[in-house]
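Working notes, structure below.
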Amino acid sequence: MNARPKKSFGQHFLHEKRYIDRIVGAIAPRDGDTLVEIGPGEGALTLPLLAVSRRLTAIELDTDLIPALAERASRVGELRIVHADVLKVDFAALARELGARCLRIAGNLPYYISSPILFHCVEHAAAIQDMHFMLQKEVVDRMAAEPGSKVYGRLSVMLQLACRVTPLFDVPPGAFRPPPKVDSSVVRLVPLSSQERHDADPAIVHAVVKAAFAQRRKTLANGLRQLLDAEGIRIAGIDPGARAETLAPLDFVRLAKVLQARSTPK
Ligand code: SAM
């Protein structure tokens, strides 16, 4: 196919077979899975996934790529191509439409919107069984970082509160056409079960995490000043002199719960 890759769509097409095989091996698709691919492009992952799963739904924004992909896929399995911006796709509604309880999502993501896509998927985590994504290595490092690490931050906390995050392997720039300027990594995300998920208001957790990391070097007492006083931070069992980067993800949930209790009318 070899379409001219479009920078504006974040197109870097994977061409090295050994990495394609490793990604497909990590996903381990089975006949009957409800697979959804974000950004199929020219089909580097789509066609081998389709060969096993027989059916796949792919969400692609670039209309120019769709006819050739549909043509190639028709010889392999049942490919349904949704022409849409993935950020506008309601995965819960898509799962219902496909008659599935949960979706298995995969994709070599367009890097220019990788964080919004991750947050969008996390919002729909209840409709997702697992996700396998190719991302910038630096983003995967942040997603999986532990408290105390230099790269631990908002992305680490928000993702780890919703999913188990497992970095799988790195992929060099030369595996893509054109090569991106950065190294890439493949990561697996498995949404936590309803018993494992926290029960605080997600909007309040988000507000606390955002404020706490807005100025990483500040103490929590300073960073959270607009939301909680030092007494409130202590009630959550946390030292107001601590910095956000030392807190475990569930510490932010405890802070959010204190804030939630204070803002709920008695
Ligand atoms: N999966 C192919 C591969 O591995 O060679 C292409 C990966 S390329 C990095 C990203 C793909 O996402 C492109 O096909 C691009 O057109 C598509 N894309 C970009 N923005 C998108 C969006 N908002 N919604 C859906 N697809 C998008």
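Mind checking the per residue accessible area of the range 38-90 for me, 1.4 Å probe, whole number of Å²? Spell out each step's value before the answer.
Working: 2450 Å² over 53 residues.
Per residue, the range 38-90 has 46 Å² of solvent-accessible surface.
Multiplying the residue separation of ARG101 and PHE119 by 0.36 nm and removing their Cα-Cα distance gives an extension gain of 4.4 nm. Ranking ILE105, PHE91, HIS120 by how far each Cα lies toward the positive end of the dipole of the chain (charges on Cβ) leaves HIS120 at the top.
Listed values for the range 35-49 are Karplus-derived 3J(HN,Hα) couplings in whole Hz (6.51 cos²θ - 1.76 cosθ + 1.60, θ = phi - 60°), namely 8, 10, 10, 9, x, x, x, 8, x, 3, 9, 4, 5, x, 5, and x replaces Gly and Pro. Here the Debye sum runs over all C-alpha atoms of the range 113-264 as equal scatterers in vacuum, and log10 of I(q)/I(0) at q = 0.17 Å⁻¹ comes out as -0.97.
A simple rule links phi to the HN-Hα coupling: the Karplus curve 6.51 cos²θ - 1.76 cosθ + 1.60 with θ = phi - 60°, which for the range 181-188 gives 7, 10, 6, 10, 9, 9, 10, 10 Hz, with x for Gly and Pro. Treating each Cα of the range 1-64 as an identical point scatterer and summing with the Debye formula, the log10 of I(q)/I(0) at q = 0.29 Å⁻¹ comes to -1.33.
The residues of the range 144-223 have, on average, 49 Å² of accessible surface per residue, using a 1.4 Å probe with all protein chains present. Using the structure shown, select from LYS7/LYS181; LYS88/LYS257; LYS150/LYS218; LYS218/LYS257; LYS150/LYS210 the pairs with a Cα to Cα distance greater than 19 angstrom. Pairs exceeding the cut-off: LYS88/LYS257; LYS218/LYS257.
Over the range 38-108, the alpha carbon radius of gyration divided by the compact-protein estimate 2.2 N^0.38 Å works out to 1.04. Here the 3J(HN,Hα) profile of the range 199-209, calculated from phi with Karplus coefficients 6.51, -1.76 and 1.60 at θ = phi - 60°, is 10, 7, 5, x, 5, 6, 4, 4, 5, 5, 5 Hz, Gly and Pro shown as x. For PHE13, the residues whose modelled amide H falls within less than 5 Å of its own, excluding neighbours fewer than 5 places apart on the same chain, are ARG177.
Given the -39500 (n - 2.57) contribution per DSSP H run of 4+ residues, what per-residue ellipticity at 222 nm results for the chain, rounded to the nearest 500 deg cm²/dmol?
-10000 deg cm²/dmol
A convex hull fitted around the alpha carbon atoms of the range 7-191 yields 106 Å³ per residue. Amide H contacts of GLU37: THR57, ALA58, ILE59, ALA106, each under 5 Å away and 5 or more positions distant or on a separate chain (H built 1.01 Å from N in the peptide plane; Pro and chain starts excluded). You can think of it this way: the chain between GLU231 and GLU146 has 28.0 nm of extra reach, that is 0.36 nm per residue less the Cα-Cα gap.
Rank these residues by their accessible area, most exposed first, probe 1.4 Å: TYR112, TYR152.
So the residues, ranked largest to smallest area, are TYR112, TYR152.
The distance between label points at ARG177 and LEU87 comes to 2.9 nm (points 7 Å beyond Cα on the Cα→Cβ vector).
Element breakdown for the chain at a 1.4 angstrom probe: carbon and sulfur atoms account for 52% of the accessible area. Rounded is the label for the range 202-263. Its Cα gyration tensor axes, ordered a ≥ b ≥ c, give a/c under 1.5.
With +1 on each Lys and Arg Cβ and -1 on each Asp and Glu Cβ, how big is the dipole of the chain about its Cα centre, in debye rounded to the nearest 20?
It works out to roughly 440 debye.
For ILE117, the accessible area of its heavy atoms, probed at 1.4 Å with every protein chain present, is near 0 square angstrom.
Which percent, nearest 5, of DSSP beta bridges in the chain are antiparallel? Before the final figure, lay out the partial values.
On the way: 17 of 36 bridges.
For the chain, the DSSP antiparallel bridge percentage is about 45.
The values are calculated or read from the model by the stated rules, or taken from the named source; none is laboratory data. Being a predicted model, the structure only gives us computed values, none of them experimental. Don't worry about glycine lacking a Cβ; one is built from the backbone with ideal geometry, like all the others, and counts go over all protein chains shown. All accessible areas refer to the heavy atoms of the entire protein, side chains included, with ligands and DNA or RNA removed. Shrake-Rupley method; radii C 1.70, N 1.55, O 1.52, S 1.80 Å.
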